[in-house]
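Trainee: Attaching a single structure in structure tokens format; questions to follow.
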Amino acid sequence: MDLGLTGKVAMVTGASRGLGRAMAHALADEGVHVSVCARTRDALNQAVAALTKAGSAIGFVGDVTKPDDAQRWVDETVKKFGGIDVLVNNAGTARPGALAELPESAWQEQFDLNLFAPIRLARLCAGHMEKRGGGSIINIGSIYGRESGGPLAYNASKAALHSFTKMLAREYAPKNIRVNTIAPGSILTPGGIWEQLFRENPAFEKDFIGHEMPAGRLGRPDEVAFAVVMLASPRASWITGTNIPVDGAQGRSIL
Ligand code: NAD
């Protein structure tokens with residue numbers, strides 16, 4: 001099936017490693033011009049070098065929680081590729097801690113990256129998508145934004161992101177801009193948090209998989225990236241305002 005993505009332009013936040021990197025590769029494989037952003041130059045350069053082997057890509061070193069960086073990244077993308085069709089708000093962080101352990105600044109940091117950065121980038125990109133006749137905004141949430149679980153501030157910020165996504169989808173439907181959330185379950189990424197936790201405590205790995213993962217394993221980045229490609233495609237024209245778990249039935253929510 002031709003997904004109609006050849007020549008489209010996509011921006012992916014947090015693409016120097018983990019899920020974002022897999023998403024950028026999956027889009028590049030479909031012929032998408034990819035603009036990726038991360039904070040660390042070396043890691044970003046490596047990611048862009050790998051991406052340009054598959055297709056056309058540019059990298060921007062910046063922090064999406066900083067309004068000036070976000071604006072410059074959008075401007076550079078439009079200058080290089082002529083417009084924007086797809087925005088993937090992938091960068092996110094999970095700060096552990098119970099209520100009494102988390103200072104106000106930790107809540108602010110969590111919401112700055114997981115909620116306010118996606119809001120800012122959606123605002124900056126929507127006008128460019130409108131000029132192209134439509135587009136797709138994909139926000140990466142979590143199963144722990146659909147149901148209780150995970151760290152407290154993380155869960156609250158991801159639930160807020162899911163809520164924002166639904167409202168924005170209704171607002172932008174008349175302009176043919178689709179807005180969806182993907183809610184990954186636990187995904188094993190090279191050097192990522194799960195790999196670290198399991199290396200430090202192999203007994204925890206066995207216990208966690210036994211209790212939480214019905215398929216007997218964690219998910220893979222390419223399994224989440226596939227859902228991104230599907231939502232990015234204009235063929236998903238009637239899929240908007242939804243929240244798609246990609247979790248191997250890890251989540252317990254029936255909604
Ligand atoms: P990760 O920590 O491995 O990678 C995050 C990426 O975001 C990195 O490239 C990092 O440089 C970048 N980043 C962080 N802060 C940034 C900032 N301020 N500006 C620009 N870039 C920034 O994360 P991951 O595990 O690949 O997760 C990606 C997304 O998926 C996150 O939103 C996360 O909450 C969500 N998620 C992950 C899992 C999982 O099990 N890995 C599960 C559910 C949801």
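Any read-out appearing in this document is the output of simple, stated calculations on the displayed coordinates, not a laboratory observation. Every value quoted in this text rests on a predicted model; they were computed, and no experiment measured them. Don't worry about glycine lacking a Cβ; one is built from the backbone with ideal geometry, like all the others, and counts go over all protein chains shown.
Trainee: I'd like the orientation of helix 152-172 relative to the chain: the angle between its Cα long axis and the longest Cα principal axis, in ° from 0 to 90, rounded to 10.
Mentor: For helix 152-172, the angle is close to 30 degrees.
Trainee: Go from 0 up to the bin containing the longest alpha carbon distance in the stretch 15-96, width 10 Å each, and give me the % of pairs per bin.
Mentor: Pair shares across the bins are 19, 55, 24, 2, 0.
Trainee: To the nearest µm²/s, what D does Stokes-Einstein give for the stretch 131-171 at 10 °C and 1.306 mPa s, using the Kirkwood radius over alpha carbon pairs as Rh?
Mentor: 142
Trainee: Sorted from fewest to most neighbouring beta carbons within 10 Å, what does the list Leu121, Leu99, Leu152 look like? Present the calculation step by step, with values, prior to reporting the outcome.
Mentor: Details: Leu121 25, Leu99 8, Leu152 17.
Ascending Cβ contact count within 10 Å gives the list Leu99, Leu152, Leu121.
Trainee: Quick one: if you take sqrt(5λ) for each eigenvalue of the C-alpha gyration tensor of the stretch 147-200, what semi-axes come out, biggest first, whole angstrom?
Mentor: 31, 14, 7
Trainee: Can you give the convex hull volume per residue for the Cα atoms of the chain, as a whole number of Å³?
Mentor: Normalising the Cα hull of the chain by residue number yields 131 Å³.
Trainee: May I ask for the distance between the Cα centers of the stretch 182-255 and the stretch 18-41, given as a whole number of Å?
Mentor: Using only Cα atoms, the two centres lie 18 Å from each other.
Trainee: Now, a different point. Which lysines have a Cα less than 16 Å from the Cα of Lys175, not counting those fewer than 8 places away in the same chain?
Mentor: Lys175 reaches Lys131, Lys166.
Trainee: For n ≥ 4 DSSP H runs only, could you compute -39500 (n - 2.57) per run for the chain, divide by its residues and tell me the 222 nm figure to the nearest 500?
Mentor: Rounded to the nearest 500, it is -14500 deg cm²/dmol.
Trainee: Per residue and in Å³, how big is the convex hull formed by the alpha-carbon atoms of the stretch 154-255?
Mentor: Roughly 116 Å³ of hull volume per residue.
Trainee: What number results when the radius of gyration of the stretch 94-208, computed over Cα atoms, is divided by 2.2 N^0.38 Å?
Mentor: Normalised Cα radius of gyration, the stretch 94-208: 1.26.
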